1. Of the numbered conditions (1) within 14 Å of another protein chain (Cβ to nearest Cβ); (2) surrounded by fewer than 24 Cβ atoms within 10 Å (Cβ to Cβ); (3) within 17 Å of B:Gly269 (Cβ to Cβ), B:Ala84 satisfies every one except a single condition; which is it?
2. Taking the criterion of being modelled with pLDDT under 90, part of a helix (DSSP H, G or I) and of a type in the set (Phe, Trp, Tyr), would at least one residue in the stretch B:137-147 satisfy it?
3. Suppose we filter B:Leu199, B:Leu171 for residues that are part of a helix (DSSP H, G or I), surrounded by fewer than 20 Cβ atoms within 10 Å (Cβ to Cβ) and not acidic (Asp, Glu); which single one remains?
4. Might you check whether a residue that is assigned to a helix (DSSP H, G or I), more than 21 Å from the chain's Cα centre (by Cα) and buried (at least 16 other Cβ atoms within 10 Å of the Cβ) occurs anywhere in the stretch B:174-188?
5. What's the number of the condition B:Ala385 fails, among (1) part of a helix (DSSP H, G or I); (2) in contact with a strand residue (DSSP E or B) (Cβ under 8 Å, 6 or more places away or on another chain)?
6. Could you figure out which of (1) more than 25 Å from B:Ala325 (Cβ to Cβ); (2) in a helix (DSSP H, G or I) isn't true of B:Ile161?
Amino acid sequence: MSDATDAPTRRIVVGYTANDSGADALALATRLARASEALLDVVMVLPSEAHNSIVPTDTGYERYLKEQSREWLAEASESLDDDDLDVAQLLHIRYAESFAEGLIAAAHEFGAALIVVGAARGGLLGRSRIGSVANELLHSSDVPVALAPVGSRDVHVAQGVTRVTAAIGTRPGADALLDASVRFAVAAHAPLRLVSLVSIDLPAGIDEGLAALTSTVHADEVLLAARRELPGYLDATATVATGATVEEAVQGLDWHDGEVVLVGSSRLATPRHLFLGSTAAKMLRELPVPMIVVPRTTTP
Amino acid sequence: MTHQPEPHAPLTEATVAVDGSEHGITKKGLSAGSVGLIGAIVIGISCIAPAYTLTAALGPTVSEVGVQVPAIILVGFIPMLLVAFGYRELNRRMPDSGTSFTWATRAFGPWIGWLAGWGLVAATILVLSNLAGIAVDFLFLLISQVTGNPELADLATNPFINVAVCLLFVLGATWVSYRDMQTTQKLQYWLVGFQVVVLVLFAVAALVEVANGNAFDATAIELSWFNPFAVESFSAFAAGLSLSIFIFWGWDVTLTMNEETKGSEKTPGRAATITVVTIVVLYLLIAVALIAYAGVGTGEFGLGNPDIQDNVFFHLAGPILGPLAVLVSLAVLTSSASSLQSTFVSPARTLLAMGHYGALPEKFAKVSPRFFTPGYATIVSAVVASVFYAVMRFLSEDVLWDTITALGMMICFYYGITAFACVWFFRRIWWRSVRNFFFTLLFPLVGGVILGVLFFTTLIDSMNPDYGSGSNIFGVGLVFVLGMVVLLSGVAIMLWQAWKRPAFFRGETLSRAAAED
């Protein structure tokens, strides 16, 4: 666990597209970068030639696209400057067979700690439904991925990160998540909240009170263990959220406007790669705030 | 685009260093796993779409030149090749998504440039509607073959059902093109391989039937089939040629694609050569086999029968292949589908360039931020192609046939202008080297003259009401009417745009120029 001050500059890669989803991603990334004094790498990924299996490559059109992308990047960059924000940024154009692939390659190239993308389009009521890009990224990234929910572009950058919430499960993967959450909270100078979600979704006939009690007790133990590992200087709290379903449990919690949630990837993921588990997917649907998915490490 | 000054976007130094800002794309920017030799050949064959092309063009060509189809196929390649050389020179010097439009504007100014762009867009929109029309026929044929109910194939002749299904096809193709959804290379290899194998099987089966004495109208193969001078009249020769230009259309892309790919100096040339040899052999084989099997008479399955001419495979696959005919339907369907997608790209990109340079409303220059395709231009192309097809289907029973002939004419028109643009643009450097002499003067000039002659001959001949399928409007051949409507509406829209957007027509956005070195 290293402190942000003695580590090399944190870098954040944001996958930019010149639409609302891209604007959401850029706004969130800028906010995160500003809060954690990170360097922002704004990346546009264009389809590479290898993508073409039917349509012949046309040099003229490729150039047109590149120029158009430059313009888009320049506009995006100007919009950042307008706010007079103190965020260092670099603009890049990359070629890859897919957006996700290009972003992961860029993250490796820059040694970035985080990839930010717009979560989705068409999610109901402003909540996130995962789009195809985010989905592909979540299935293949070995770098933490932040999903900017629809409307992130309306959150003011100066809002910063007011609190970091780590949704701690009871299963393997929590260590990596805890690590990442602490690092991020320290970098962003934000308090950390550990949350354990407990859903009591049992068939009728079982003593609900008892079940709730045992689950809650178990969750409390997990949180307690997690808290013991936290560095002392960190302002941390722990909460158990209960509800009949994961959705209800999430709704029962209070959320800051400037909050960011970290979740670990599913146990189904190959080690060091992401995969959104069912709990995390349910959370994503309910969360009014951005979510960062952290890949689990190889350690059992 | 190349001639616009690079917008000096405030890119950071690191980015400039990484991405390069000199000429748009740097080699570094392209992924290593780019389209290789086989990939280029596959794309080339899939753009030409031999299964679709032959079924659409064989009948009309037979009706013009009779048994001399093989000769016409061989000769038709010559102007195509000559113009393609000019195309390649221009593409090297000023690569631009507007291709013919941009080049002709640079060489001859905005008015001719605009019309060249119009010719390209019109030709590709004509072929889009034709492609979709052929696909509809084969879809119903396929369904009837699979279900064993021959009546289903006749549903394709009901204009309402036909137009409705056709519009659905175009809608699907638009969706796919807009989102730039391409199959994987592997799948595309299989599809193209399948197409070639089925065509060879089809031809061989026809020859076997001939050998077994089961042919519909066995015609002895003669050397004179390959002699272009055996064609009865110059008119027929010209009409046949302009059709055979259509069958090679799309081949030029292999000559210019991936020229910028690292270490690929030889790839485009090789890919183009292998593609064209494959295509020519395939065409000759099928043409010879089908003529030997069915003859050029007007009997039920004769290639001279106007009822089967606009889609010969549709009618001949069953008698020749029996139960295996379903393979031909599949091959033509997949061939049309891939070709629909690659064909969609070219009017869209030209319209995009026209919008970019202010020759059309700016909306046309819009690129989809998510799919990086010319979104608006793609949708406009689709709408125009659909309307065109719907109107034509109700106007004429032989719509497919007449659009193919009109198409050949439009291709001659804009390819001809492109060839002359090449000659004129390079006028100051013709004599710099032997290579320049051949590739920037002689080849494109000869090619351009041939296409010019073809264009005017076809135009004049097509006034005859008996021309092509014999459809006519007020005693004037439908092909002529089609050609004129397309060209004159182009002129009308050009004048309207010149009034609305004078900057382009004053040469302010894209100026005339000539190569100096």
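The values are calculated or read from the model by the stated rules, or taken from the named source; none is laboratory data. Quantities reported herein were computed from a predicted structural model and do not represent experimental measurements. Reconstructed Cβ throughout: ideal geometry from the backbone, glycine too, with neighbour counts over all protein chains shown.
1. Result: B:Ala84 passes all but (2).
2. Within the stretch B:137-147, one or more residues are modelled with pLDDT under 90, part of a helix (DSSP H, G or I) and of a type in the set (Phe, Trp, Tyr).
3. Exactly one of B:Leu199, B:Leu171 is part of a helix (DSSP H, G or I), surrounded by fewer than 20 Cβ atoms within 10 Å (Cβ to Cβ) and not acidic (Asp, Glu), namely B:Leu171.
4. Within the stretch B:174-188 (the criterion being assigned to a helix (DSSP H, G or I), more than 21 Å from the chain's Cα centre (by Cα) and buried (at least 16 other Cβ atoms within 10 Å of the Cβ)), the answer is yes, since at least one residue qualifies.
5. Status for B:Ala385: all satisfied but (2).
6. (1)
Conditions tested, residue by residue: (1) assigned to a helix (DSSP H, G or I); (2) buried (at least 21 other Cβ atoms within 10 Å of the Cβ); (3) hydroxyl-bearing (Ser, Thr, Tyr).
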{"position": "B:Ile274", "(1), (2), (3)": "yes, no, no"}
{"position": "B:Val281", "(1), (2), (3)": "yes, no, no"}
{"position": "B:Val312", "(1), (2), (3)": "yes, yes, no"}
{"position": "B:Leu340", "(1), (2), (3)": "yes, yes, no"}
{"position": "B:Pro347", "(1), (2), (3)": "yes, yes, no"}
{"position": "B:Ala353", "(1), (2), (3)": "yes, yes, no"}
{"position": "B:Val367", "(1), (2), (3)": "no, yes, no"}
{"position": "B:Phe371", "(1), (2), (3)": "no, no, no"}
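Residue by residue, here is whether (1) in a strand (DSSP E or B); (2) more than 30 Å from B:Gly250 (Cα to Cα); (3) within 9 Å of another protein chain (Cβ to nearest Cβ) holds:
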position: A:Leu40; (1), (2), (3): yes, yes, no
position: A:Val55; (1), (2), (3): no, no, yes
position: A:Tyr61; (1), (2), (3): no, no, yes
position: A:Trp72; (1), (2), (3): no, yes, yes
position: A:Ser77; (1), (2), (3): no, yes, yes
position: A:Asp86; (1), (2), (3): no, yes, no
position: A:His92; (1), (2), (3): yes, yes, yes
